[in-house]
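The values are calculated or read from the model by the stated rules, or taken from the named source; none is laboratory data. Quick caveat, the model's predicted, so the values are computed rather than measured. Ideal geometry is used to build each Cβ from the backbone, glycine not excepted, and the neighbour counts take in all protein chains shown. Calculation scope for accessible area: heavy atoms of the full protein, side chains included, ligands and nucleic acids excluded. Shrake-Rupley method; radii C 1.70, N 1.55, O 1.52, S 1.80 Å.
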Amino acid sequence: MGFAYHPAMNLVELAQRIRAFRLERRLTLDEVASRAGLTPGWLSKVENFRITPSLPALAKIAEALGVSTADLVAGLDNKPALVLVRANERKVVERDRSRENTTVYEALAHKRPNRAMDPFLLTIPPGVAREKSLAHDGEEFLMVQQGTIEFEFDDQCEVLRQGDAVYFDSSVPHRIINSYKRPAVVLCVFHGPSGTAAT
């Protein structure tokens, strides 16, 4: 087929590429899902890098977008030994954004497409939380860089302040809540199954 595809390819880059192609063509999630014979909810999870599509599903998405599967995955198996991301080179990625959840995700390792971990810097405005706790495969590490947050993990809730950290199984429903009056900044590192990175 002219390219190598593996489910452990970088999930964030693949998701952002699918979203970018869709927006360039001014297509809605519903339109692409309908053309590809998929559900909008499932496609949304792909774009939010919660799940990795299989090769047949990826081919359907590519066809619905009017691009080749090779275009979607080009370069995603590159693995440079070292990448340097300067402070001004962070890449803002879209994830679960809504009117209520305006958390900003900045990717810190986007220059290495095929990576085992995905570090992000999250800026959570005052009074912001994801609408509900969500679970996904993998393990995750959070460290509060600035401010105070509440970390909800299943039926447990912990207050985390600057310097506090948690490492957890992300298959358990979880979310970050900033119910305080100042923005919070959190370092988040995700490691997915079989080296598939997301967060």
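Out of segment 104-159, which residues are under 18 Å from Val92 (Cβ atoms), under 14 Å from the mean Cα position of the chain (by Cα) and free of Cβ contacts under 8 Å to residues at least 40 places away in the same chain? The answer is Val104, Glu106, Leu108, Ala109. Residues in segment 121-176 that are at pLDDT below 90 and among the aliphatic types (A, V, I, L, M): Val128, Ala129, Leu134, Ala135. Any residue at all in segment 88-106 that's surrounded by fewer than 16 Cβ atoms within 10 Å (Cβ to Cβ), outside any loop (DSSP other than H, G, I, E, B) and of a type outside the set (Val, Ile, Thr)? Within segment 88-106, one or more residues are surrounded by fewer than 16 Cβ atoms within 10 Å (Cβ to Cβ), outside any loop (DSSP other than H, G, I, E, B) and of a type outside the set (Val, Ile, Thr). Residues of segment 108-145 that are open to solvent by 20 Å² or more (accessible area, probe 1.4 Å) and more than 25 Å from Val83 (Cβ to Cβ): Pro125, Pro126, Gly127, Ala129, Arg130, Glu131, Lys132, Ser133, Leu134, Ala135. Residues in segment 32-68 that are among the hydroxyl-bearing types (Ser, Thr, Tyr) and not in a loop (DSSP other than H, G, I, E, B): Ser34, Ser44. Only residues that are under 14 Å from Thr148 (Cβ atoms), loosely packed, with under 14 Cβ neighbours inside 10 Å and of a type outside the set (D, E, K, R) were counted across segment 166-189, and they come to 1.
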